[in-house]
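Read-outs throughout are calculated quantities, based only on the coordinates presented, and are distinct from any laboratory measurement. This is a predicted model, so every value here is computed, not measured. For neighbour counting, all protein chains shown are included, and Cβ atoms are generated from backbone atoms with ideal geometry for every residue, glycine included.
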Amino acid sequence: MAVATTTKTPTPSRSTMPPVATVYRSADGALHHARCASRMDFMGGRAGLELDFYCLTCCEHVTVTPYVLTRLADAAGLTPARGR
Ligand SMILES: [Zn+2]
């Protein structure tokens, strides 16, 4: 008789979350696309849960949550911004 077992996947804590690789914040505070390093235009928010940005160089739409913005590294890519 087979016995089903469940393995509990550990939930990552905020300190162990992987770095954000899609966008980064430049020294002037603007959001830039990591793929092409172009400044991204803010298109708007949806229900306060998602923020939409658009890269004119790649013609790519990027959606992030407000929480992601608090995790962005600074221009040097070394220090994540302080979250709440
Ligand atoms: Zn781009």
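Show me, for segment 35-41, the HN-Hα J-couplings you get by feeding each phi into the Karplus relation (A = 6.51, B = -1.76, C = 1.60, θ = phi - 60°), rounded to Hz, glycine and proline as x.
3J(HN,Hα) across segment 35-41, in whole Hz: 5, 10, 6, 8, 5, 9, 8.
Measure of size requested: the Rg and Dmax of segment 20-71, with Cα atoms as the atom set and Å as the unit; please supply both.
Answer for segment 20-71, Rg first and Dmax second: 10.3, 29 Å.
Restricting to Cα pairs below 8 Å that are 6+ residues apart, what does the relative contact order work out to for segment 20-71? Please round to a whole percent. Working shown, then result.
On the way: 77 pairs, mean separation 12.0, N = 52.
The value is 23 percent.
Under a 5 Å amide H to amide H cut-off, with H placed in plane at 1.01 Å, what residues pair with Glu60 once short-range neighbours are removed?
Placed amide hydrogens put Cys55 under 5 Å from Glu60.
Using the Cα centre as the reference, give the magnitude of the dipole from point charges on the C-beta atoms of segment 20-71 (Lys, Arg: +1; Asp, Glu: -1; all else neutral), rounded to the nearest 20 debye.
Working: 5 positive and 5 negative charges, 29 e Å.
With Lys and Arg at +1 and Asp and Glu at -1, about 140 debye.
Quick one: if the Förster radius is 41 Å, what FRET efficiency do Ala37 and Val3 give, using the C-beta to C-beta distance and rounding to 0.05?
The value I calculate is 0.15.
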